[in-house]
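Peer 1: Here you go, one structure.
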C-alpha cells in the first residue's frame, strides 16, 4: 500500500470534515466490588494447580473429571468446559489481591452473565451499541437482567448506559 | 533543472517512497503535544470526579465520563495530579522505584497528565520504563497466520511452524468472511501441533468472534476496538458500555480477551478534534482500564501510516505502549502492519519494543509470506525469520523466537496438515487430498499449494456453525484418528476456560498448559541483575544457529 496515498487521503478527508458539532453532558456512578474470601495470589494462583478443589464446572465436575477418555465417550459435554460463576468470583478475588480492581469488577459482572444464554448475550450486546435501543428498551433489558437472571451489577450498568446514551443522543431515534 | 547525482540516488531509496507530512495540529496530525490538548486538571467532590482536564462534569462526553468514573482512583488523584510531570517521569526510569509504586500513582492520573509526563521522556527513557513496567516478567511474541485463499491446510501447516518457532499467541483472519470457522479450526490444530499450549484467535466482527470463542474453536480474542473520541467510537458502532459488556461476556465464557486501539485511528476516521494522537490514545487505554479488560493491543496497529508520517510519531507509538504498561495492562505492542519501504526504518521502529521486551512484541509478526498476510501485510514476516533470530543473538535479547531446523519444520507442518485432513474427513467436510498435505508441508505460501473448491469449503464452514461443532468435536475427531496427543492438547486448551486462570493479565501457557501471567510471573525488574534474564537454556537456544561455523567444520 502506498503511504503517500494514505497520508494524502487523510488530508483530503480531514479537509472535508473540518467542522464537527460538539455536544452537551451529565453524571453516573461506578460499580462496587464484593467481599473477599481470603485467597492469596501468591499461594493460591493458578487455581487449577494450587487450589483445584475450589474449581468446579457449572455441572459440578472437577478439572480431574475432564479427561480425554470421557471426552471421547461423550461423558464430557460442552457445558462441562465452561466457567462457573463461583470460579469467576474466586478469580476476581485474585485480581483484587494484585490490585487490579477494575479487572475484578469485570470478572464479577461476568459471573452474573454466566446465567444468560449465548444468543441472548449477543442480542444484549447489539442492543447496547449506539442508536440501537430506546431508553425504555434498555431499561427493560436491565429489568430482565436483574429479575430473570439476578444480574444486579449488570442491570445497574445497563441503566447507567441508558442515561448516558440519552444525554449524549446515542439512543435510537424513532 | 539539472539533477544532482547524489539527490537522484537518495530519491530512489526505499525510505523516499514512504509518506511524510508536516504537523497539522488543527486536524490531529500531530503525534504528541497538540496546542489543543487539554491542560491536566482534576476536581473531586463527594468521591466523584467533577472536573477532568479542564472539562466540567456536565460537559463530559461519554469517554470522559467513563474514564472519570471507572479509571481514576479518586482516593489518590489529587495528590498524584499535584506532582511535577518530570518527577513522575523520573520514577518511571528510576530502578530504585518499584513497578508497584508507579502503578499505584498512575491510577490517580488523568489522560492529559499522563501525556504531559510521557512528553518529558526520550525514547531511551521510555524503553527503560517499558522494561520495568511491562506486566509479565517474561516477554513474548504473537503472529498472524492467514493466506489469500483461506486455504485451511496451509493455515494448519503455517500455524504449526510458527508455534514451533516460538509464538505464544497466533491470530488468523479471513479473506472471505464465511471461511472463518475453517480458518479458526485449522489454526487451532496447527497451533496444538507446533507447540502444545499456543493460544489462538480469529479476528472478525465482534459478535462472530465471540461466537467462535464460545464454541471452543478459538482460545482468546483481541479485535475489540476502542477509540479516543466519541464520534469515532460511535462510527465504530460501539460505546464504552457496549465494549465493557462485551468484555464481561467473554470472561463469562471463560475466554481471555484484550481490547485494541492505536494512535492515528481518530485522524484516519476524520474526528480527531484537533487533539494529539497520543492524547486520544491515552483515553483509549484508560477506557480499557475502566472496562476491566486485562490488556490492550496498541501501538497504532493498522493506522501506523499516520503517526509514522509525522515528527516523533514512532516515539508516540512507544509512549502509548508504555502508557499501557503503566496502567498495569498487558500490552500486545503492534509492530504489525507494514508502514515503510525501508528495512532500516522498520527495524528501528521495532527495536523500541524488542529491546525492553513487551508482553507481545509483535501483534503480530507475519507467520506467512507478506503476500498471504490478510492483515494488510506486516512489518515482519517469514522471510525475516533468520534476521529476527540473529538480532536476538547479536544483542542477547529475547524476542520470543528460536532458530528451527528444516527437518523439524517439515515434520510439524506435515503432521498438522495430516491432522486437519483427518478432522475434515471425520466431520464430513470436503476432502483434503494427500497431494494437498504434501504441498502444504513443503510450501512457502499459497502460490505453492493447489486450489481448493471454495464454494464447497464455504458451504461446509457454514455447516460447521449450523451443526454446532465445538472444540469437543475436534477433540473426538483427532483422537479417533490416532492423534491422541493433539486431542489432549485441544482438550487441555478447553479446560483453561473452566479454571479461568488464563483470564488474568498477560497470561500465556507453557507446553504443559501451566499459566504464566502477571500474577505468578510478575515483572520484578529493579535494575541490572534483576527482572527477566535469559536462562542458560534459552540463551543456548538463541545462539545456536546453523549458519555459524565451528572449528570442527575445518579438517586441518
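Every number in this text was worked out from the coordinates using simple rules, so none of it is lab data. Note that the structure is a prediction, hence the values are computed from the model and not measured. Every residue, glycine among them, receives a Cβ derived from its backbone with ideal geometry; neighbour counts consider all protein chains shown.
Peer 1: Report the FRET efficiency, 1/(1 + (r/R0)^6), for residue A:136 and residue B:530, where r is their Cβ-Cβ distance and R0 is 45 Å, rounded to 0.05. Walk me through the numbers before you get to the answer.
Peer 2: Numbers: r = 57 Å, r/R0 = 1.27.
It comes to 0.20.
Peer 1: On a full-extension model of 0.36 nm per residue, what is the gain between residue B:514 and residue B:235, subtracting their alpha-carbon distance, rounded to one decimal in nm?
Peer 2: Details: separation 279, 0.36 × 279 = 100.44 nm, distance 4.00 nm.
Stretched fully, the residue B:514-residue B:235 segment lengthens by 96.4 nm.
Peer 1: Given a Förster radius of 30 Å and the C-beta distance between residue B:11 and residue B:383 as r, what FRET efficiency does 1/(1 + (r/R0)^6) yield to the nearest 0.05?
Peer 2: On the way: r = 26 Å, r/R0 = 0.87.
Rounded to the nearest 0.05, the efficiency is 0.70.
Peer 1: Also, I was wondering about something else. Go through B:116-124, B:234-242 and give me the packing order, highest mean Cβ count within 10 Å leading. Before the final figure, lay out each step's value.
Peer 2: Working: B:116-124: 18.9, B:234-242: 20.9.
Answer by packing, highest mean first, reads B:234-242, B:116-124.
Peer 1: Work out the mean other chain Cβ neighbour count within 10 Å for the residues of B:214-221 and drop it here as an integer.
Peer 2: On the way: counts 6, 2, 3, 0, 0, 0, 0, 0.
Average neighbour count from other chains, rounded to a whole number: 1.
Peer 1: Another question about this same structure. What nm value, rounded to one decimal, do you get for the distance between residue B:342 and residue A:115 when each label is placed 7 Å out toward the C-beta?
Peer 2: For the pair residue B:342/residue A:115, the computed spacing is 5.9 nm.
Peer 1: At a Förster distance of 41 Å, what's the computed FRET efficiency of residue A:51 paired with residue A:148, Cβ-Cβ distance as r, to 0.05?
Peer 2: So, using R0 = 41 Å, E works out to roughly 0.80.
Peer 1: Now, a different point. Find how much the distance from residue B:407 to residue B:547 grows on full extension, using 0.36 nm per residue of separation minus their present alpha carbon separation; answer in nm with one decimal. Mind dumping the intermediate values first?
Peer 2: Working: separation 140, 0.36 × 140 = 50.40 nm, distance 1.54 nm.
Net length gain for the segment: 48.9 nm.
Peer 1: Something else now. Looking only at other chains, what is the average number of their beta-carbon atoms within 10 angstrom of each beta-carbon in B:51-63? Don't skip to the end; give the middle numbers.
Peer 2: Numbers: counts 0, 0, 0, 0, 1, 1, 4, 5, 5, 8, 7, 10, 1.
Partner Cβ neighbours, averaged per residue: 3.
Peer 1: Okay, moving on. Separation between the residue B:540 and residue B:39 pseudo-spin-labels, each 7 Å from Cα along Cα→Cβ, expressed in nm?
Peer 2: That separation, rounded to one decimal, is 6.2 nm.
Peer 1: When ranked by the protection proxy of mean other Cβ atoms within 10 Å per residue, highest first, what sequence do the peptides A:100-110, B:154-164, B:85-95 form? Display every interim value, and only then the final one.
Peer 2: On the way: A:100-110: 26.3, B:154-164: 31.5, B:85-95: 17.1.
Highest to lowest by the protection proxy: B:154-164, A:100-110, B:85-95.
Peer 1: Measure off 7 Å from each Cα along the Cα-to-Cβ vector at residue B:4 and residue B:555, then give the distance between these two points in nanometres to one decimal.
Peer 2: Calculated label separation equals 5.7 nm.
Peer 1: Normalised by the residues of region B:259-356, what does the relative contact order come to in percent, with Cα pairs under 8 Å and at least six apart? If you can, show how the numbers build up before the last one.
Peer 2: Details: 139 pairs, mean separation 30.1, N = 98.
This gives 31 percent for region B:259-356.
Peer 1: Pairs of alpha-carbon atoms within less than 8 angstrom and 6+ residues apart define the contacts here; what relative contact order does chain B have, in percent?
Peer 2: With pairs under 8 Å counted, the relative contact order is 21 percent.
Peer 1: Another question about this same structure. Please report how far the C-alpha centroid of region A:48-73 lies from that of region B:378-422, rounded to the nearest whole angstrom.
Peer 2: Centre-to-centre (Cα) distance: 34 Å.
Peer 1: I would also like to ask the following. Could you give the distance between the Cα centres of region B:483-556 and region B:306-331, to the whole Å?
Peer 2: Cα centroid to Cα centroid, the span is 26 Å.
Peer 1: Between residue B:175 and residue B:125, what is 0.36 nm times their sequence separation minus the Cα-Cα distance? Round to one decimal in nm. Working shown, then result.
Peer 2: Details: separation 50, 0.36 × 50 = 18.00 nm, distance 4.04 nm.
Gain on stretching residue B:175 to residue B:125: 14.0 nm.
Peer 1: Take every residue in peptide A:43-53, count the Cβ atoms of other chains within 10 Å of its Cβ, and give the average of those counts. Intermediate results must be reported in sequence, preceding the final value.
Peer 2: Values: counts 0, 1, 6, 13, 5, 10, 6, 2, 1, 1, 0.
Counting Cβ atoms of other protein chains within 10 Å of each residue's Cβ and averaging gives 4.
Peer 1: So what is the relative contact order of region A:116-174, in percent, for Cα pairs below 8 Å that sit 6 or more residues apart? Mind showing how you got there, number by number?
Peer 2: Numbers: 50 pairs, mean separation 23.4, N = 59.
Relative contact order of region A:116-174: 40 percent.
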